[in-house]
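The values are calculated or read from the model by the stated rules, or taken from the named source; none is laboratory data. Not measured: the values here are computed from a predicted model. No Cβ is skipped: glycine too gets one built from the backbone with ideal geometry, and neighbour counts run over all protein chains shown. Remember, those area values only see protein heavy atoms, side chains included, never the ligands or the DNA or RNA. Shrake-Rupley method; radii C 1.70, N 1.55, O 1.52, S 1.80 Å.
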Amino acid sequence: MTKKKMNTYLKFVLILLGCTVIGGIIGFVSFMAEGTIGGLRLLAEGIGVSICRYLFAEFMVLLLIEVVFGERTMYKMKQHARFLETAEDDFADRIEYEMEKDAAWGVGVLNMIGALSMIFLATGYSIDYIKSVSNEKEGLGLLGACVVFIVIFTYNGLWGVRQVKLQQKLDPSKKGDPASTKFTEQWLESCDEAEREIIYQSAYKSYLSLSKWIPVLMIVTMIFHLVWNTGVMAVVVVGVVWMV
C-alpha cells in the first residue's frame, strides 16, 4: 500500500515537472521567434479584418445554413412523430431513438452556428471599430449584420420551442414552458426514472468533459496572452468559468 502511494506521488511530481519543462520550451521558443510571432499576429489581425469586412454576407450564409438544417431536421422529426402514432412497440423504440438523434443534431448544429455568430461579431464589436467606420455603406453593412445576428438567435430559440412542443404533443405527460426560467426543473420532474437516469449520466459526462477542457483552455489563453498579448480578460473569463 505504501509503495503504491509513493508511486502515485512520484508520478504526480513528474507530471508537474514535465509541464514546467514544456512551458519553459514554449516561452523560450516564443522569445526566440519574436519576428515570426509578429507575422502571425499580423496574419490574425488581417483575418479578423477580412471577417469584419464581409460580416453581413457571412451572417446571411450562417442564417441560410441554420434555417435549411433546422427545417430539414424539424421535418424529419415530424415524420417520425407520424409513424410513432401507429408503430408497434419494438419499431416505436427505434423511431424514438431516431427522433432523439435528429433533435440532438438540430440542437448541436444550431448552437454551433450561434457560437460562430458570436465569434464573427466579436471581430467588429468594438467602439473603436464603430468609430472608424468612414462611409455609409460600411455603417449599413454593420447594422445589417447586427440585425441578421439577432434573427439567427431568434430562429434558434423558436426552433427549440417547436422541438419541445413536438415532444409534448407526442407525450402529454411532459411538462414545462420553454419560455420559463424553470423549464429544466419542470421537464425533469415530468420524466420517469429511466429518463432521469439518462439525463444524469449525460450531465456527468458533460461535467467530466468540462473538467478536462477548462484547464486546457486556461493554459491556451495564458499562452496566447504571453505570445500575442490577447489581453487578460480571456484568462479571467475562463478562470471564472472554472471556479463556477
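Residues of segment 153-204 that are open to solvent by 40 Å² or more (accessible area, probe 1.4 Å) and touching a Gly at 6+ places or on another chain (Cβ under 7 Å): 153, 183, 186, 187. Out of the residues in segment 73-92 that are open to solvent by 100 Å² or more (accessible area, probe 1.4 Å) and hydrophobic (A, V, I, L, M, F, W, C), state the one that is nearest to residue 103 (Cα to Cα). Of everything passing the filter in segment 73-92, 83 is nearest to residue 103 (Cα to Cα).
The residues in segment 78-120 that are part of a helix (DSSP H, G or I), of a type outside the set (Phe, Trp, Tyr) and more than 30 Å from the chain's Cα centre (by Cα) can be counted, and the count is 5. Evaluation of residue 179 against the conditions (1) in contact with a helix residue (DSSP H, G or I) (Cβ under 9 Å, 6 or more places away or on another chain); (2) part of a helix (DSSP H, G or I); (3) of a type in the set (A, V, I, L, M) shows that the sole unmet condition is (2). For the structure I just gave you, tell me whether residue 101 is in contact (Cβ under 8 Å) with a residue 60 or more places away in the chain, of a type outside the set (Phe, Trp, Tyr) and surrounded by fewer than 16 Cβ atoms within 10 Å (Cβ to Cβ). Against the criterion (in contact (Cβ under 8 Å) with a residue 60 or more places away in the chain, of a type outside the set (Phe, Trp, Tyr) and surrounded by fewer than 16 Cβ atoms within 10 Å (Cβ to Cβ)), residue 101 does not qualify.
Take the residues in segment 231-242 that are open to solvent by 60 Å² or more (accessible area, probe 1.4 Å) and within 23 Å of residue 20 (Cα to Cα); name whichever of them is farthest from the chain's Cα centre (by Cα).
Among those residues, the one meeting the criterion is 232.
Of all the criteria given as (1) in contact with a Lys or Arg (Cβ under 7 Å, 6 or more places away or on another chain); (2) open to solvent by 90 Å² or more (accessible area, probe 1.4 Å), the one not satisfied by residue 228 is (2).
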